Structures are given as structure tokens and as C-alpha cells.
Amino acid sequence: MVVKINENYLLLKSSYIFAEIAQRVNKYQEENPKAEIIRMGIGDVTKPLPPAVLEEFKNAVDEMGKPETFRGYGPEQGYSFLIHKIIENDYLPWGIELSEDEVFVSDGAKCDTGNIQEIFGLDNVVAVTDPVYPVYVETNVMAGRTGPIDSEGRYERLVYLPCTAENDFVPELPTQPVDLIYLCLPNNPTGTTLNHEQMAKWVNYARENKSIILFDAAYEAYIQEDDIPHSIYEIEGAREVAIEFRSFSKNAGFTGTRCAYTVVPKELKAHDNEGNLHLVNPLWNRRQTTKFNGVSYPIQRAAEAVYTPEGQSQINEYITYYMENARIIRESLEKIGLNVYGGVNSPYIWIKTPEGMDSWDFFDLLLNKAHVVGTPGVGFGPSGEDYLRITAFNTLENTKKAMERISELSF
Ligand code: MLT
């Protein structure tokens, strides 16, 4: 007997974009040990856990060390104390009512946006914006929903919705029927947002076409402007057609600590092969209870502290700090004549590559000449080929230094 692999894995690009960048940067650093590299590639936060969060984290760790307060397995869906705070703070102020069993606490929006496709049939047609967070595409490749990739980097059975400067990075509604639609807003990587009216178009489309929107709101905390929905459920009818993903990573520094949540409303339904309707919420619950044992108690206590007045003011301070970096990046790059997008309601700045350079050329130029690491846009999809993403997640000092170095280059 020879064990057979899941051949869908052979359809993947050779490596995950952020792993490939890390590899290239490490090689460069080995060859140039004196180069002081500033990493503005992966969107990883640089600020430590806010003090209010840390304190509750530590208290909960202490509880775990005492027989009278020790906790073993928790509820797979998350502790009520956290779910209650999530509903009260992230939804009720926007007029959205959720019940506790519609919220599933998890170890990351990456995991949830990657795992969610498991509960849907393999013959569903999947639409993604292009560029897009690669996890949505690659988990569907692994599952066998995409077919092979072509020479331009498009998977045969995926529907791509190009987002470029020409359409202000706003995806057009699909022109062919699609079942599952991934939307990330504020967008990673372009930083684009949709206003209420634009988002309502998507919700209406999904209602009319019986599609489901997988709505990744991991960057919600970065919304600064009015008229931008903080949740897709602000749009009428969205509870029937949308699953929403949120995260504590980018607002409260949990990229290493891991805590997020997913909302699956009880109105959301999908068909079986015979055309019978089923609720999606119990399927996700079934999946999670079988494959996941919940986020650890101290981490959920830490996440709960995000919602205290001190926690809120500390995370707001962090967001303001990162958004100041975003402003500096945007303005510095505009000053040297580059076309830059995003960075207003998002920590990502999406830069058009200088004339005659593709995204890896620009990546190499910045690494070699400025020792600054970005993310080549093509890593997010073929429509990202002429772009590069820079993150505002860094120290103010490094952000300024990186911009000074880039400003000295000529393109
Ligand atoms: C990114 O850089 O796009 C993010 O760090 C990805 C993630 O959050 O997993």
C-alpha cells in the first residue's frame, strides 16, 4: 500500500505568501548581516497587549493554578462572560441584537475564514475579490473547490472580482451566479471600505441569488469615517445571508495570543442536494464541537478586558498610533509621486508600483535599496500585480525611518 495525498494540495502555489517573503528576507539578512531591515510586510502588530488586558490575563492564569478556581475544558463556543460582552459592545450600539448561541469564540479569524468552507458543498461556486486575503482562496483549493491554476494565477472554478484603481477597488457584483462570496471590509490588502449603500447592494444580491456572504471584519476597529458599516448586520436582511468574522488580533494585539469570534445568525439557511433547507448555525456548531475545544480560559478573560473602559481607551490609543503611522506612510509616498490608496480606514497602504516595475521588482527594490519589506501585491491575486502593500503596524520611529529611506530612492 502506498498512502495517497490529498492531490488538491498539489494545486497550491508552492508557498504561502508570507512564508515566502520571510524566506526571502531571511536570506537577504544572512547575506547582508549589517542591513537594518524594517519589516512592513505581514500585518502583525507591534504594540504589546494593553495593560488592562494583561492584568486580567495574569489573574486568570493565577486562577488556573488554584484547585478552587481551576478550569478544564470550557464550552467549545466560548465562555458566556465573553460572548455577552461581545454582543453588548460590538453589536448592540449599532442596533444589532444577537443571541449568545449565534456567536462562536475562536482562536483566529484566519482559522475561521479558512474552516468555514467545510460546512458547504464542494460544488458551490466561490467568488473572491482580486486582490484577496490568500486564506480564502487557498482553503478552497485544499478542499477541491477550485480546479487548477492558470498561468496568470487564477483558479479555474473561482470567480474573481477585480478591484483596481480603475474601479476604486470596489468590487462589481458578479455577472454569473455565485454561491459563496468572500468580502473583507475594511479590505485587506487595499484598505477600501464600502458605505451603507454599497454594502446593501451586496446583501440584496445575496438575497436575490440565494448566496452567502462570508464577511471578514477583522479590521473593523480601524474605521474612522462615518457612513461605513461596522458590521454587515447593520444592513437590512443581512442576517439571512451573511456570516461575520471578527478578531482581537488587530485591535487589541492578539496576533500571538489568539482570540477571535464568528457570528452565524439563526436565519441563515442553505440547501442539501434534495433542495431541503438547513440552518447553517447548527452545522458550524457541530463542526466546532467536533474539531475545536475552545480558546483557553485566560485568553478569553484577557479578551473580556478589551471591553472595560480602560481596555477600550488603551486599544483606541493603539489604533490612533497605528493610524498616525498610516498617515505618515501615505503622505510621504504621495510626496515622492507614488499613487497610494487605503490607510484611511485601515492599517494597510496599497501602493501602485512605479512605471515599468511589477510587484516583486518593487519588493526587491525596497528590500535592496531601502531595507524595507513590503508585501508584493501579486501575492494577493493577479490584479495585485502592479501594487505593493505596506502596513502601518510598526513603531513610529521605524515608520519614519522607512519613509525617509524610501524617499531617498528615485523611481
Ligand atoms: C496580513 O498581513 O495580511 C495579515 O497579517 C494576515 C493575517 O492576519 O493572517
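The values are calculated or read from the model by the stated rules, or taken from the named source; none is laboratory data. The structure presented is a predicted model; accordingly, all values stated were derived computationally and were not measured. Neighbour counts run over all protein chains shown; Cβ positions are idealised from the backbone, glycine included. Note: accessible area is taken over every heavy atom of the protein model, side chains too, but ligands, DNA and RNA are not part of it. Shrake-Rupley method; radii C 1.70, N 1.55, O 1.52, S 1.80 Å.
Values computed for the structure shown
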item: FRET efficiency estimate (nearest 0.05) - Cβ-Cβ, E274 to E331, R0 60 angstrom; result: 0.55
item: Where a label projected 7 Å from the Cα of H196 along Cα→Cβ would reach, residues of the stretch 73-117 with amide N under 18 Å; result: 91-97
item: For the stretch 374-387, Karplus couplings with θ = phi - 60° (6.51, -1.76, 1.60), whole Hz, Gly/Pro x; result: x, 10, x, x, 5, x, 9, x, x, 6, x, 3, 9, 9
item: Where only alpha carbons of the stretch 54-308 are counted, the Rg and the Dmax (Å); result: 18.5, 62
item: Gain upon complete extension [K400, F70; 0.36 nm per residue less C-alpha separation]; result: 114.2 nm
item: Accessible-area order (highest first, 1.4 angstrom probe) of the listed residues Y321, Y133, Y219; result: Y321, Y133, Y219
item: Peptides 1-7, 206-212, 276-282, 35-41 ordered by average Cβ neighbours within 10 Å, highest first; result: 35-41, 206-212, 276-282, 1-7
item: Considering only the chain, percent of DSSP beta bridges that pair antiparallel, nearest 5; result: 55 percent
item: Sorted peptide list for 111-121, 85-95, criterion being average Cβ within 10 angstrom, highest first; result: 111-121, 85-95
item: Nonlocal amide H pairs with T164, under 5 Å, H built at 1.01 Å; result: F169, V170
item: Assigned charges on the beta-carbon of Lys, Arg, Asp, Glu; the chain dipole about Cα centre (debye); result: 980 debye
item: Most to least accessible of E55, E100, E236 (protein chains only, probe 1.4 Å); result: E236, E55, E100
item: Computed over the stretch 54-308: relative contact order in percent, which uses C-alpha pairs under 8 Å that are six or more apart; result: 26 percent
item: Spin-label pair E100/E36, simplified geometry with 7 Å Cα→Cβ offset, distance in nm; result: 5.2 nm
item: Residue-by-residue Karplus 3J(HN,Hα) for the stretch 53-63, coefficients 6.51, -1.76, 1.60, Hz, glycine and proline x; result: 6, 4, 4, 5, 4, 5, 4, 5, 5, 4, 4
item: Whole-percent carbon and sulfur share, accessible surface of the stretch 54-308, 1.4 Å; result: 48 percent
item: Residue-normalised accessible area of the chain, expressed per residue, 1.4 Å probe, Å²; result: 45 Å²
item: Helix-only mean residue ellipticity at 222 nm for the chain, each DSSP H run of n ≥ 4 adding -39500 (n - 2.57), per residue, nearest 500; result: -10000 deg cm²/dmol
item: Principal axis dimensions, largest first and in whole angstrom, of the stretch 1-78 by Cα; result: 52, 52, 20
item: Under Karplus coefficients 6.51, -1.76 and 1.60, residue-wise ³J(HN,Hα) of the stretch 202-215 in Hz, glycine/proline x; result: 5, 5, 5, 4, 5, 5, 5, 9, 6, 9, 10, 9, 9, 9
